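The structure under discussion appears below in the form of structure tokens.
The values are calculated or read from the model by the stated rules, or taken from the named source; none is laboratory data. All values reported here derive from a predicted model rather than from experimental measurement. Because the Cβ atoms are built from the backbone with ideal geometry, glycine has one as well, and the counts that use them run over all protein chains shown. Calculation scope for accessible area: heavy atoms of the full protein, side chains included, ligands and nucleic acids excluded. Shrake-Rupley method; radii C 1.70, N 1.55, O 1.52, S 1.80 Å.
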Number of protein chains: 4
Amino acid sequence: MIIVMEPKAKDESIKQVINTIEQFGLQTNLSKGDQTTIIGVIGDKTKLSDANLELIDGVEKIVPITESYKLSNKKFHPEPSVIQVGNTTIGGTDLSIMSGPCAIESEEQLLATAHAIKKAGATILRGGAYKPRTSPYSFQGLEVEGLQFMAKAREETGLPVVCEVTSLAAVETAVKYVDMLQIGARNMQNFYLLKEAGKTNLPVLLKRGLSATIDEWLNAAEYIMSEGNPNVILCERGIRTFETATRNTLDLSAIPVIKEKSHLPIIIDPSHATGVRDYVLPLSKAAIAAGADGLMIEVHPNPAKALSDGPQSLTFETFESVCQELKPYAELSGKKINA
Amino acid sequence: MIIVMEPKAKDESIKQVINTIEQFGLQTNLSKGDQTTIIGVIGDKTKLSDANLELIDGVEKIVPITESYKLSNKKFHPEPSVIQVGNTTIGGTDLSIMSGPCAIESEEQLLATAHAIKKAGATILRGGAYKPRTSPYSFQGLEVEGLQFMAKAREETGLPVVCEVTSLAAVETAVKYVDMLQIGARNMQNFYLLKEAGKTNLPVLLKRGLSATIDEWLNAAEYIMSEGNPNVILCERGIRTFETATRNTLDLSAIPVIKEKSHLPIIIDPSHATGVRDYVLPLSKAAIAAGADGLMIEVHPNPAKALSDGPQSLTFETFESVCQELKPYAELSGKKINA
Amino acid sequence: MIIVMEPKAKDESIKQVINTIEQFGLQTNLSKGDQTTIIGVIGDKTKLSDANLELIDGVEKIVPITESYKLSNKKFHPEPSVIQVGNTTIGGTDLSIMSGPCAIESEEQLLATAHAIKKAGATILRGGAYKPRTSPYSFQGLEVEGLQFMAKAREETGLPVVCEVTSLAAVETAVKYVDMLQIGARNMQNFYLLKEAGKTNLPVLLKRGLSATIDEWLNAAEYIMSEGNPNVILCERGIRTFETATRNTLDLSAIPVIKEKSHLPIIIDPSHATGVRDYVLPLSKAAIAAGADGLMIEVHPNPAKALSDGPQSLTFETFESVCQELKPYAELSGKKINA
Amino acid sequence: MIIVMEPKAKDESIKQVINTIEQFGLQTNLSKGDQTTIIGVIGDKTKLSDANLELIDGVEKIVPITESYKLSNKKFHPEPSVIQVGNTTIGGTDLSIMSGPCAIESEEQLLATAHAIKKAGATILRGGAYKPRTSPYSFQGLEVEGLQFMAKAREETGLPVVCEVTSLAAVETAVKYVDMLQIGARNMQNFYLLKEAGKTNLPVLLKRGLSATIDEWLNAAEYIMSEGNPNVILCERGIRTFETATRNTLDLSAIPVIKEKSHLPIIIDPSHATGVRDYVLPLSKAAIAAGADGLMIEVHPNPAKALSDGPQSLTFETFESVCQELKPYAELSGKKINA
């Protein structure tokens, strides 16, 4: 952390900054220039998080140099994490393919989908039992009944299952049925929910917020991890920009950035990112080529009748052919795929 | 709602769209052009929310024409709402000034602030007992103890009090102490929390999400209102853009837009929007001039020692002089101010 | 400028950075911490602009501390600039009101508008002779004929006139007819055009680019000023965000930011920013209250027949009443208005 | 195009809209609903571009249904365009690799680079002779001397060459030396320059603006094409968002969107998009996998001494190894690569 002083800062202001920092048990380094004086801070800057140095007379600004997240930081954990989810792993040499309907609508719909995606090569079944919808008048999910269908689907197919949770009550119920919890984009900074997910011993799939920076995303992971749960998987699902040709803008650069800054696995959701069925295949290929650890793809037995996000869902047939087309890209990128 | 068909859509596709719409109990209007055929939908479009017309062969796109929010919509409630909060109202001819510390730190800090802001002209005391912070290592709030200090501050000063709630547990506790609940920007689409706030009989101050459109914001209000609680106050606190000179970009255009689309009151938070103390006064004047129903301004007895957001907090003296400077702007805009 | 070294940077890398900086004639200040070593640069950092220090082994990042613009920087010119435009000034205690049609369509249209706005209180006539339009099939402007009408309007009304220029050819023609050149948002980083405008002795109204940061905007002003032309007026006209309820998002925070960083005057264009006639009045009041030096408002004798941007144009009657409503806000803010 | 009337629009307003449309020689289709009346327009809507229907009493909004660009639209030119550039083509089954320094610095630097990239597999040499730089105090390019070096590099290596042009003067000079003109991101809506480029008979590489929508980008291409030059190649180079971990956000979704809407080829520039050398390889792979027709990659003999954009430039060795790593991805995607 560096404190930049105003051009005309008085010596007593400089001294006050230095004293404040030293009171917090840290050392300083003073650099006086013609125009600008800067004060470097040496030691653990988290001690200063409440020091409000900006408010000392003569301080122009504070420039942070190091990240505030620790447990998710690659600097302190250089090896990539490989996370066990039921009978499969995410983050190693396997390419994870999470698939299923946006919303669980019925036992029949879910079981048919589970069998179809397993046959096509998916490794994890996804399905929404608690649906965050923009309008209160849209379908909101089957809740516990949906979770029971998920457990049944796992029993029949052997696929581990993941469900989004949107409240403490949902967490408490979901842990009885699922292999992984999902925190959705709209709840990425619902810090209360992050901590509750951190208290479970299930892995957590953490979607990036609609306009969250990568730094905030890793800090959100830190909330989960600081409760003692190291098993976080990041999921990029498109960020909000001015472009309207796609529902969101898929930020594939997040893959190399995360690989550089963190040891956590990252998977890509091209279905929500684009909102358009036909863009799922090219962007899935691209995600694999860029180094993603997995994909999350929406599939529905009859997209035209889906209660949520039909337009971006693939049919069983299309999903199977997508998996086949992805296979050589996965292999080229050194990842094993089930398809 | 209008369905636009592809240039080469077959007659049977057009028929299928029409049949689907009619099955949901609505009427259609067909318009065939040289290049484009469009089908208008006549009747209550919410019935079609799960129809997935996009997926019928030959459909190019769906163009929504009317808003999905009803209770917050001015079309169905042309008179502006005036909402009672403790002994004061928001949305009428009074200019509400909500003020107080970002985070409640101690009884002494809160009481001193409450007395100072009351004297300066504030009408509501704000203070955070549950703090959503980007990093888990920052101060997280005094929780119930903070709420108790708020109740005491109300007792001493007569000012109604508002606190942010971040979970069902916090809602259940807060209703015993406060006059208004606040849903913060990061929870604007925490639909579960919105519904819980809607089930209380307290007014709710709903902050706009970091990258929420005005349409989504009014839909979030709809979640609260559809639970039977009509008392929602909107609060614009800056949206996320590429600009870094301010913490966020304050969207004052939201004032006339909300006044046109909704009957709910709108207040402005220049402290969080800019993150810079010196910008609070000019943007508060601007907010009043643009027609805001109130302001939310952070004040701290000693900003240099604030545990949260010190750099944007005003001292007691500055706050008093800000209120004095705002007075003629309020009067010019036809609003009564206590200062 | 500060150079942050990687945690494991070798001593020889640190030496190489220091040597490189010193070769450019600057001094350094070394600060070694447990985790991070930083090197401060003392002296004129523009000398280092091509040094590519980032590429020396062991360098993690470069953190700029001071701005790259000089002539537009308030640090080196603390007094606000007051700029003469024809018989009026911008930036002092007068509130400038620039008004007129988006596009000049005919002599009759322009003269009628010029007389009407003068009567209402405008101080400068604006009108587009060279129109940058998204589609090549939209009306592109009357070019030199439009400029001639502008000159005639000035003759008849005494109002100074401003026109947008979009090429060197347009600059060369316009200087014969107008009192101020305008560089539009789409050309804010057309550096060639900025320099050509800088070579004239006319004041230049520089609109902010659609997604330009304030830093880039002041650097664009620097292009004009570094050619010897100190007379630049900044104009905020809305930035591009995800919000679609308004054409752009008007960034009124830019007013206090510019007032802090620069001595140049700043005016606000609520017509282009919102794209909606009814939002012009509330946002004009807000702009004045926030400290703007002027306004640019579109007026058209018959907006329903305007060849460009009709929906955001005011009629003569509305413009006159807007000016009357703005008058007390201007006076309250210490600005003289002609209305 | 659809005109949506306000709920309470009078019959005479509806008639006025219909009459206006019919006066422009088009037909209408009226659809009256309980709440909303809509009027569809049948025929060539460009005739209505100046009709300002929004301003007729009772009109709520205009909803465009079809795109305003024609020549770049796939609807009217279903086959993908293959564009000849010197001795190579862009848009067919070959993967174009354009490479070279951001700025041409000397004959020696350019020739060394040209030979190195040719050997590694590049098909086109890029290099900046006219550099648009944020600050006027940064290196601005060698101009005509740079173009002469480009011509010499072509002579020696046989590689076609592309240079950015920033003014009419630059266009007039560049056409004598280069095989393709480049319009940079900052000039994407410099419509005057687009038209001048359209009047040459050279192919034009059109970069997407910093915050341009895909629709605006195709309209910019339309400016070039409407002057009689059909040879436009689109280049995505990152858009501006709130994320700061990368210089811009590379929008790879633009590839499938462009492939759906237009017949023009699209290439990707990962160097400018990310600003980080290490992200070039993963995003180049991703671009190929998503269907890009080519790549533009910055290479410099000694990035540490580059006068522009050194941190994102590859060395000769790295570039050669990048090309080798891209080869199997190109082949898998059905593209021929020279490497």
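Residue count for the stretch C:141-152, restricted to those that are surrounded by 19 or more Cβ atoms within 10 Å (Cβ to Cβ) and either modelled with pLDDT of 95 or more or facing another protein chain (nearest Cβ under 9 Å) (or both): 4. For D:Thr113, the test of being within 19 Å of D:Ile267 (Cα to Cα), touching a residue at least 24 places away in the same chain (Cβ under 8 Å) and not aliphatic (A, V, I, L, M) is failed.
Restricted to the stretch B:260-309, and to residues there that are within 14 Å of chain A (Cβ to nearest Cβ), among the small types (Gly, Ala, Ser) and without any contact (Cβ under 8 Å) to a residue 40 or more places away in the chain, the residue that is least open to solvent (accessible area, probe 1.4 Å) is B:Gly275.
Scanning the stretch D:327-339 for residues that are within 12 Å of another protein chain (Cβ to nearest Cβ) and touching a helix residue (DSSP H, G or I) at 6+ places or on another chain (Cβ under 7 Å) turns up D:Pro328, D:Tyr329, D:Ala330, D:Leu332, D:Ser333. Looking only at residues of the stretch C:214-237 that are within 11 Å of the chain's Cα centre (by Cα) and of a type outside the set (A, V, I, L, M), we find that the one that is farthest from the other protein chains (Cβ to nearest Cβ) is C:Cys235. Taking the listed residues C:Leu71, C:Leu48, the one that is at pLDDT 85 or above and hydrophobic (A, V, I, L, M, F, W, C) is C:Leu71, with no other qualifying.
Please go through the stretch D:311-321 and give me each residue that is assigned to a helix (DSSP H, G or I) and either surrounded by fewer than 23 Cβ atoms within 10 Å (Cβ to Cβ) or under 23 Å from the mean Cα position of the chain (by Cα) (or both), ordered by number. Of everything in the stretch D:311-321, those that are assigned to a helix (DSSP H, G or I) and either surrounded by fewer than 23 Cβ atoms within 10 Å (Cβ to Cβ) or under 23 Å from the mean Cα position of the chain (by Cα) (or both) turn out to be D:Pro311, D:Gln312, D:Phe316, D:Glu317, D:Thr318, D:Glu320, D:Ser321.
Checking every residue in the stretch A:31-52 against the condition of being in contact (Cβ under 8 Å) with a residue 60 or more places away in the chain and not polar (S, T, N, Q) gives zero matches. I'd like to know if the stretch D:240-257 contains one or more residues that are at pLDDT 95 or above, farther than 27 Å from A:Ile214 by Cα and surrounded by fewer than 24 Cβ atoms within 10 Å (Cβ to Cβ). No: the stretch D:240-257 contains no residue that is at pLDDT 95 or above, farther than 27 Å from A:Ile214 by Cα and surrounded by fewer than 24 Cβ atoms within 10 Å (Cβ to Cβ).
The numbered conditions (1) within 12 Å of another protein chain (Cβ to nearest Cβ); (2) assigned to a helix (DSSP H, G or I) are all true for B:Gln324 except (1).
Conditions tested, residue by residue: (1) in a strand (DSSP E or B); (2) under 32 Å from the mean Cα position of the chain (by Cα); (3) over 16 Å from B:Ile65 (Cα atoms).
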residue	(1), (2), (3)
D:Val17	no, no, yes
D:Gly25	no, no, yes
D:Asn29	yes, no, yes
D:Lys61	yes, yes, no
D:Glu67	no, yes, yes
D:Lys70	no, yes, yes
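All conditions but one from (1) modelled with pLDDT under 95; (2) buried (at least 18 other Cβ atoms within 10 Å of the Cβ) apply to C:Pro64; the one that does not is (2).
Taking the listed residues B:Leu181, B:Leu159, the one that is crowded, with 23+ Cβ neighbours inside 10 Å, outside any helix (DSSP H, G or I) and over 17 Å from the mean Cα position of the chain (by Cα) is B:Leu159, with no other qualifying. Among the residues here, D:Ala169 qualifies as modelled with pLDDT under 95, on the phi < 0 side of the Ramachandran plot and in the same structural domain as D:Gly146 (by TED's automatic domain parsing).
For the stretch D:162-178, a tally of residues being more than 14 Å from chain C (Cβ to nearest Cβ) and either among the β-branched types (Val, Ile, Thr) or in a helix (DSSP H, G or I) (or both) returns 3.
Residues considered: C:Glu12, C:Glu22, C:Glu6. Of these, the only one that is touching an Asp or Glu at 6+ places or on another chain (Cβ under 6 Å) and open to solvent by 20 Å² or more (accessible area, probe 1.4 Å) is C:Glu6. In the stretch C:136-150, the condition of being within 20 Å of C:Ile267 (Cα to Cα) and either free of Cβ contacts under 8 Å to residues at least 60 places away in the same chain or acidic (Asp, Glu) (or both) is met by no residue. Checked against (1) modelled with pLDDT of 80 or more; (2) open to solvent by 70 Å² or more (accessible area, probe 1.4 Å), B:Glu54 meets all criteria but (1).
Would you pick out the residues in the stretch B:289-339 that are acidic (Asp, Glu) and more than 29 Å from C:Tyr279 (Cα to Cα)? B:Asp309, B:Glu317, B:Glu320 - these are the residues of the stretch B:289-339 that are acidic (Asp, Glu) and more than 29 Å from C:Tyr279 (Cα to Cα).
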